[in-house]
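Engineer: After the structure tokens below, expect a handful of questions from me.
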Amino acid sequence: MSESPHENANEMEMDFNSKTNLTEPKQEGRRWTSREKCLGFVLFFCAVAVVLLVLILVLGVYGLVHIFPSSLTSQTTLPPRAASLYCMTQECIKSADAILSNINVSVDPCEDFFRFSCDGWLKKNPIPDSQSSWNNFNLFDKKIKSKNKEILQKPSERNSSESFERKVKLLYLSCMDTNAIDRVGAKPLLEAISKAGGWKTIGTWDQSNWSLRDSVTTLLYDYFVQSFVGISMKADDKSPDVNIIMINQKRLGMRDREYYFENETESKFIKGYKTYMTTLAELLGATKENATDFANEVFDFERELANISFPSDAPENLDPSLRYNKITVEDLHSLLPQINWTQILATIDVEVDRRTAVIVFNKEYMTKLSALIDRTDSSILSQYLVWALVQKHAVTLSKEFEKARDEFRRTFYGAGPKERWEKCVTYVGNMMGDGLSSLYIRKHFSKESKEEIIDMIKDILQVYEERIDQLTFMDDPTKKNAKAKLEAIQYKKIGFPDFMLNDTHMDLRYRQYEIKCSDCHFQNKIDAFRGARAYQQEEFKKPVDKEKWFLKPIDVNAYYSSKHNEMVFLAGILQPPFYAPYFTRAMKYASIGMIVGHEITHAFDKRGSQYDKDGKLQNWWTNESRKAYEEATECFSTYFSKYEVSGFQVNGELTVTENTADTVGLRVGYAAYKTWVSRNGPEKMLPGVNRTPEELFFIANSALWCGHTRLERLKLSILSSVHAPLAVRGQGPASQTQGFAETYKCGLGSPMTPAKICKIF
Ligand SMILES: [Zn+2]
């Protein structure tokens with residue numbers, strides 16, 4: 001359901017968070033008005049007063065009130081003994097406030113650590129109607145979008161025809177001009193349907209003049225619609241400096257194949273999907289009867305496609321060596337001759353010919369697809385292709401189409417409509433993400449935290465190295481290679497790339513984007529896709545660009561790239577609750593320290609461990625070590641499969657790389673914190689919290705995952721996401737960490753201290 005010109009952009013990267021999210025900006029560099037300053041002081045003193053009040057109450061409850069004289073209520077200083085135990089700086093008070101307002105002391109942390117750490121957050125932050133999930137990531141996403149809205153509404157400061165700023169803003173304005181959009185109605189899409197060969201449902205299809213090959217090619221060439229297969233450009237797994245075309249199965253209309261096998265008369269998802277198709281067909285001029293036939297025919301064909309598609313947890317999806325099938329375009333023609341491969345692959349490689357090498361994820365899918373196309377009536381195939389076109393572009397049309405989409409979203413994700421501005425900011429972020437980020441970071445980000453993050457990365461790498469030394473399942477030759485890989489991990493991309501501050505560079509980046517008017521939404525969208533294609537074609541012939549960032553800096557995310565052997569921390573995740581300069585050390589290591597550990601682990605997880613230090617898909621393990629490693633990984637799969645959230649069972653196999661990364665990230669984050677303590681002495685307690693810094697470490701980590709997810713969204717996530725649900729991320733990794741057991745002393749066999757700990761790093 002993405003409108004991004006790079007539909008599979010993140011597929012080969014292991015990102016920290018499932019969704020691409022945006023974050024709250026820093027305030028540095030922005031001028032405060034006197035009114036804001038005044039309000040700020042009032043709020044700050046209110047906060048201090050509230051914290052002190054809570055402090056007195058809590059300490060009272062724990063019988064510790066003797067530390068503070070009763071006259072403290074009107075003071076902000078403490079007697080010497082208290083001062084030596086508690087940290088009373090503004091930073092600590094702020095940190096204490098954040099923790100106190102999240103936890104629920106009436107929940108037993110040994111039973112449900114997620115609820116213990118998050119109940120307060122969940123009460124404080126009810127899920128808005130328009131959201132299918134609501135957590136720290138979404139919350140910052142929304143905030144950053146509001147700020148982006150302000151930026152996009154302001155007239156462009158640079159107005160030449162080359163100005164990327166002007167193009168980004170025109171893209172937004174045209175999306176917001178609903179009057180102009182309503183005036184043209186369905187016309188742009190009807191023209192596209194006609195150009196792609198006509199449509200049986202509205203009586204414009206002429207079978208004798210229709211060709212599957214031409215229709216598939218026109219859809220891709222003129223309307224950027226992929227059908228039957230997904231095509232993308234990536235670095236070659238075995239020659240990571242060279243780009244190569246990759247061909248995968250096409251994502252289905254209902255996102256995951258499992259929806260297609262539900263009981264048709266009972267499934268609200270199937271009913272909702274068919275209603276969506278019928279409504280759009282009627283809006284495009286079909287009679288009710290024809291529209292219903294259209295929906296049924298397309299659905300039945302898509303179910304056949306679902307049948308031959310491999311599931312999310314299939315080995316082809318999870319194991320890079322299994323999907324590395326390098327063949328030529330000539331071979332492709334033999335596998336699936338119904339498509340003109342040379343023509344459609346030229347959308348990526350302009351010089352493609354029959355000898356060009358490509359990677360096919362699953363050859364069996366191609367063979368089965370060919371057989372399916374052969375046995376399907378051409379009228380059905382044409383219906384399917386029109387639906388692919390309508391599904392991609394109907395959202396760009398008038399308000400009736402938008403409403404139909406909103407209703408489908410309600411059924412599928414359980415959430416109500418988002419406001420128009422929010423949809424348009426998201427759209428601009430998808431189409432011109434670097435451009436929007438560039439405008440945003442100039443206003444709202446600074447680079448001041450970078451040094452501290454680098455120090456923490458070094459700490460965590462050190463812990464990792466020691467852990468590799470101690471591993472019992474890895475023999476010496478493998479350890480040597482593992483350490484070489486660890487040492488080669490790059491981490492210079494922190495925050496945002498400098499080129500985003502350079503107008504000339506940014507103008508060049510978008511020079512092929514012909515965005516010209518503020519009242520031509522459909523045309524602008526096509527032109528933005530055309531620009532993205534031209535940019536991609538240019539990139540394809542060059543050596544793989546090592547300076548490229550795979551996600552936008554304004555995303556609340558981090559990622560590890562196996563092919564670059566590199567971890568990247570986006571500016572969006574260097575914000576509270578993930579990081580703030582005022583956090584205590586325990587909080588810093590529990591959040592950003594764990595995230596660093598998480599990303600390093602991707603270099604050694606089930607998938608990443610198949611790539612060597614130079615990013616090549618190449619074995620560096622001895623057989624014995626690999627076997628022992630596979631068994632250790634299996635333990636994680638089995639352990640996390642036991643979790644059930646709102647009746648949905650976690651798929652341990654699908655989520656194994658992320659669960660391993662979360663767990664090992666937490667373990668090394670904790671070890672690095674303990675090393676810091678041994679070097680610097682114990683941290684002081686936070687006022688009013690009455691928890692040791694070690695306890696706080698685990699609370700702060702779990703609190704990262706506080707959040708609600710609607711059941712509909714949860715279902716999709718369970719089926720297709722490599723990340724486990726929030727409640728599992730908020731307690732599963734802690735339950736697998738020795739330091740948690742030592743800190744909380746839960747009884748062995750309790751939910752948070754299972755008898756079996758999976759041994760790996
Ligand atoms: Zn990850």
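Engineer: Being among the basic types (Lys, Arg), under 15 Å from residue 480 (Cα atoms) and assigned to a loop (DSSP other than H, G, I, E, B) is the filter here; which residues of the range 602-629 pass it?
Structural biologist: 613, the sole residue that qualifies.
Engineer: Report the residue count in the range 206-244 for those that are farther than 20 Å from residue 325 by Cβ and among the acidic types (Asp, Glu).
Structural biologist: Of the residues in that region, 4 qualify.
Engineer: Out of all the residues in the range 219-241, is one or more of a type in the set (Lys, Arg), outside any helix (DSSP H, G or I) and within 35 Å of the chain's Cα centre (by Cα)?
Structural biologist: Yes: one or more hits.
Engineer: Give just the number: which of (1) out of contact with any Phe, Trp or Tyr (no Cβ under 9 Å at 6 or more places or on another chain); (2) closer than 18 Å to residue 171 by Cβ; (3) of a type in the set (A, V, I, L, M, F, W, C) does residue 436 not satisfy?
Structural biologist: Of everything listed in (1) out of contact with any Phe, Trp or Tyr (no Cβ under 9 Å at 6 or more places or on another chain); (2) closer than 18 Å to residue 171 by Cβ; (3) of a type in the set (A, V, I, L, M, F, W, C), residue 436 misses just condition (1).
Engineer: Is it true that residue 119 is within 30 Å of residue 725 (Cα to Cα), surrounded by fewer than 17 Cβ atoms within 10 Å (Cβ to Cβ) and modelled with pLDDT of 95 or more?
Structural biologist: Taking the combined requirement at face value, the residue does not satisfy it.
Engineer: For the range 270-290, which positions are surrounded by 20 or more Cβ atoms within 10 Å (Cβ to Cβ) and not β-branched (Val, Ile, Thr)?
Structural biologist: 273, 276, 277, 280, 281, 283, 284, 286
For every residue, the table says whether it meets (1) within 16 Å of the ligand (Cβ to nearest atom); (2) buried (at least 20 other Cβ atoms within 10 Å of the Cβ); (3) at pLDDT below 95; (4) among the small types (Gly, Ala, Ser).
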position: 456; (1), (2), (3), (4): no, yes, yes, no
position: 461; (1), (2), (3), (4): no, no, no, no
position: 478; (1), (2), (3), (4): no, yes, no, no
position: 512; (1), (2), (3), (4): no, no, no, no
position: 560; (1), (2), (3), (4): yes, yes, no, no
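Engineer: Taking the conditions exactly as written (more than 16 Å from the ligand (Cβ to nearest atom), of a type outside the set (D, E, K, R), crowded, with 24+ Cβ neighbours inside 10 Å and modelled with pLDDT under 95), does residue 590 satisfy them or not?
Structural biologist: Criteria not met by residue 590.
Engineer: Further question on the same structure: Residues that are closer than 30 Å to residue 178 by Cα: which helices (runs of 4 or more DSSP H) entirely in the range 441-522 hold 2 or more of them? Working first, answer last.
Structural biologist: On the way: elements: 450-470, 476-488, 503-509.
Counting at least 2 such residues, we get 503-509.
Engineer: Being within 14 Å of residue 491 (Cα to Cα) and either in a helix (DSSP H, G or I) or away from the ligand (no atom under 16 Å from the Cβ) (or both), is that true of even one residue in the range 529-544?
Structural biologist: The answer is no; no qualifying residue exists.
Engineer: Looking for something more than 15 Å from the ligand (Cβ to nearest atom) and of a type in the set (A, V, I, L, M, F, W, C) - is there at least one such residue anywhere in the range 565-572?
Structural biologist: Within the range 565-572, one or more residues are more than 15 Å from the ligand (Cβ to nearest atom) and of a type in the set (A, V, I, L, M, F, W, C).
Engineer: Given the criterion modelled with pLDDT of 95 or more, of a type in the set (Asp, Glu) and closer than 26 Å to residue 278 by Cβ, identify the matching residue among 177, 214, 182.
Structural biologist: Working: 177 fails: closer than 26 Å to residue 278 by Cβ; 214 fails: closer than 26 Å to residue 278 by Cβ.
Just one listed residue meets the conditions, 182.
Engineer: For the range 633-729, give me every one of the helices (runs of 4 or more DSSP H) that falls completely inside it and has 3 or more residues that are more than 16 Å from the ligand (Cβ to nearest atom) and over 17 Å from residue 112 (Cβ atoms). Steps first, answer last, please.
Structural biologist: On the way: elements: 656-680, 693-703, 711-720, 726-729.
In the range 633-729, the matching helices (runs of 4 or more DSSP H) lie at 656-680, 693-703, 711-720.
Engineer: Can you tell me which condition residue 556 does not meet? The list is (1) more than 16 Å from the ligand (Cβ to nearest atom); (2) under 23 Å from residue 436 (Cβ atoms); (3) touching a residue at least 40 places away in the same chain (Cβ under 8 Å), and all the others hold.
Structural biologist: Going through (1) more than 16 Å from the ligand (Cβ to nearest atom); (2) under 23 Å from residue 436 (Cβ atoms); (3) touching a residue at least 40 places away in the same chain (Cβ under 8 Å) one by one, residue 556 breaks only (1).
Engineer: Here's something else I'd like to know. For residue 157, are the conditions met, namely being charged (D, E, K, R), in contact with a helix residue (DSSP H, G or I) (Cβ under 9 Å, 6 or more places away or on another chain), buried (at least 18 other Cβ atoms within 10 Å of the Cβ) and farther than 30 Å from residue 119 by Cβ?
Structural biologist: It is false that residue 157 is charged (D, E, K, R), in contact with a helix residue (DSSP H, G or I) (Cβ under 9 Å, 6 or more places away or on another chain), buried (at least 18 other Cβ atoms within 10 Å of the Cβ) and farther than 30 Å from residue 119 by Cβ.
Engineer: For residues that are in a helix (DSSP H, G or I) and touching a strand residue (DSSP E or B) at 6+ places or on another chain (Cβ under 9 Å), scanning just the range 346-382, find the one that is farthest from residue 235 (Cα to Cα).
Structural biologist: By that ranking, first place goes to 369.
Engineer: Still on this structure: Counting just the residues of the range 686-727 that are touching a strand residue (DSSP E or B) at 6+ places or on another chain (Cβ under 8 Å) and among the small types (Gly, Ala, Ser), which one comes out nearest to residue 95 (Cα to Cα)?
Structural biologist: If we take residues in the range 686-727 being touching a strand residue (DSSP E or B) at 6+ places or on another chain (Cβ under 8 Å) and among the small types (Gly, Ala, Ser), then 707 is nearest to residue 95 (Cα to Cα).
Engineer: Still on this structure, I have one more. Being among the hydrophobic types (A, V, I, L, M, F, W, C), closer than 23 Å to residue 528 by Cβ and surrounded by fewer than 19 Cβ atoms within 10 Å (Cβ to Cβ) is the filter here, so list the residues in the range 177-210 that pass it.
Structural biologist: 180, 184, 186, 190 - these are the residues of the range 177-210 that are among the hydrophobic types (A, V, I, L, M, F, W, C), closer than 23 Å to residue 528 by Cβ and surrounded by fewer than 19 Cβ atoms within 10 Å (Cβ to Cβ).
Engineer: Could you grab me the full set of residues in the range 332-345 that are closer than 23 Å to residue 235 by Cα, without any contact (Cβ under 8 Å) to a residue 60 or more places away in the chain and buried (at least 18 other Cβ atoms within 10 Å of the Cβ)?
Structural biologist: Scanning the range 332-345 gives a single hit, 341.
Engineer: Would you say residue 644 is among the charged types (D, E, K, R) and under 19 Å from the mean Cα position of the chain (by Cα)?
Structural biologist: Criteria not met by residue 644.
Engineer: Additional query: Of everything in the range 91-116 that's buried (at least 18 other Cβ atoms within 10 Å of the Cβ) and polar (S, T, N, Q), which residue is farthest from residue 746 (Cα to Cα)?
Structural biologist: Looking at the filtered set, the residue picked out is 95.
The values are calculated or read from the model by the stated rules, or taken from the named source; none is laboratory data. Just so it is clear, the structure is predicted and the values come from calculations on it, not from any experiment. Cβ coordinates were reconstructed from backbone atoms using ideal geometry, including for glycine residues, and neighbour counts include every protein chain displayed.
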